[in-house]
């Protein structure tokens, strides 16, 4: 195992940080300031990103007052100055709409959970539910990119890339940052900038694992090229690259060397990691029948557990299809059926294997939905527009308090009224749990020091265990 991969963090923390050590850190493309690091509560993250903006009002933020207000116009005092998306500009009336789905209280925490999520309801005492999230973006792509990179504009490093840069990998045979995109959701596109490295060295970018016989594109050797031939060619390329680096002092050459070597090691190890055929029948019963189908959300949750066992630092799982401007009852029912059982199974599986304690699991989307109906409101049908003003996410394991509900929205579920959590606060808290000071993990680019949380953000200490 490469000693720089396994001992870099300890070296930087324990060394006197002389000029030589600082220069070495810069050459390797990693932070050289030991004050970046804090005591870590989590070793790895599995981020279950529900792309499209799940409605908080049909999932975890129960609002019985909407039953009384159902069909009435949203009061101007509630709507305030919050923006609506361009998709309701032609709408002249904005009637409030209750959830068509019942809610019940579960667990010692008494958390409210919609009947759409019976499996998640059973594990509610493992969850830290944050009802007071808010964001700045109102359209999908900038909102997703904002959640992942801290900026609404493409080109900044994603959270997984920052963690790869700050902490490196604990497994030299797999990338520190792996991306899984489940099939079966909507065709709404995802911008690969959401898992890009931005201005960080390119070996910190997220690597997408696909379903099928080639989980990583171009990883296998071409026909007629044997492993020994590949090794000899890489040794020759490395020698040439080292000469170029010595001549031109170009640090980007380090990334090229790193990527070639990682690809070579992945050729041997990826096939075994992505092979789910050896899982016992009990595992498929836990995750559901969809786990037998490569590329589904359930199969990707199971794969995420396997990657956690291999100490992959950051697994980003995207599931699309939560954008319900119309026909919300039917649409969100389908999404819940595709995701609920496997989500709960992942928590149960991690816990029984002793991994939940130091694995932070995150569930949520890029924004919430409005309390008023988009389009025509009928007895059994309605839609909801994008809403950045408040939404719900949850976390489990990895150093957060279990069985708590944090934050509160108003009685109509439109504004945060207690303990607001901005996206940058959320990101700062995640880095803190991973043992990183979000204000000190920076990278100098074009004359300025950048960080994931941009120029603000605070750790939400009340949710830390």
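None of the figures in this text is laboratory data; all of them are computed from the coordinates on show. Please read all numbers here as calculations on a predicted model, not as lab measurements. Don't worry about glycine lacking a Cβ; one is built from the backbone with ideal geometry, like all the others, and counts go over all protein chains shown.
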- Note on the structure: Rounded to the nearest 5, the percent of antiparallel DSSP beta bridges in the chain equals 50 percent
- Evaluated at 4 °C and 1.567 mPa s, the Stokes-Einstein D of segment 57-128 based on the Kirkwood radius over Cα pairs, in µm²/s, stands at 91 µm²/s
- Message: I need to check one value: relative contact order of the chain, counting alpha carbon pairs closer than 8 Å and at least 6 residues apart, in percent.
- Response: 29 percent
- Note on the structure: Cβ density ranking, 10 Å radius, fewest first, applied to 414, 445 yields 445, 414
- Task: Subtract the Cα-Cα distance of residue 234 and residue 272 from 0.36 nm times their separation in residues, and report this length gain in nm to one decimal.
- Result: 11.4 nm
- Note on the structure: For segment 72-199, averaging the sequence separation of alpha carbon pairs under 8 Å that lie six or more residues apart and dividing by its residue count, the contact order in percent is 18 percent
- Message: Sort 90, 242, 67 by Cβ crowding within 10 Å, fewest neighbours at the top.
- Response: 90, 67, 242
- Message: Output the 0 to 90 degree angle, nearest 10, between the alpha-carbon long axis of helix 19-28 and the longest principal axis computed from the alpha carbons of the chain.
- Response: 70 degrees
- Query: Points 7 angstrom from Cα along the Cβ direction at residue 419 and residue 89: gap in nanometres?
  - Reply: 3.9 nm
- Quick numbers on segment 378-463, Rg and Dmax over C-alpha atoms in Å, give 16.7, 58
- Cα-based Rg then Dmax for segment 243-402, in Å, read 20.8, 73
- Could you give me the radius of gyration and the Dmax of the chain, taking only the C-alpha atoms into account and expressing both in angstrom? 22.9, 74
- Note on the structure: With a Förster distance of 45 angstrom and the Cβ-Cβ distance between residue 330 and residue 77, calculated FRET efficiency to the nearest 0.05 equals 0.85
- Note on the structure: Rounded to a whole number, the Stokes-Einstein D of segment 40-168 in µm²/s (Kirkwood radius over Cα pairs; 25 °C; 0.890 mPa s) is 137 µm²/s
- Extension gain from residue 242 to residue 136, taking 0.36 nm per residue of separation minus the Cα-Cα distance: 33.7 nm
- Query: Ordered by packing density, taken as the mean number of other Cβ atoms within 10 Å over each peptide's residues, highest first, how do 144-151, 119-126, 352-359 rank?
  - Reply: 144-151, 119-126, 352-359
- Message: Compute the helix-to-body angle for 227-248: its Cα long axis versus the longest principal axis of the chain, expressed 0 to 90° and rounded to tens.
- Response: 80 degrees
- Against the longest alpha carbon principal axis of the chain, how many degrees, from 0 to 90 and to the nearest 10, is the axis of helix 328-352 turned? 50 degrees
- Query: What percent does the relative contact order of segment 153-219 come to when contacts are Cα pairs within less than 8 Å and at least six residues apart?
  - Reply: 43 percent
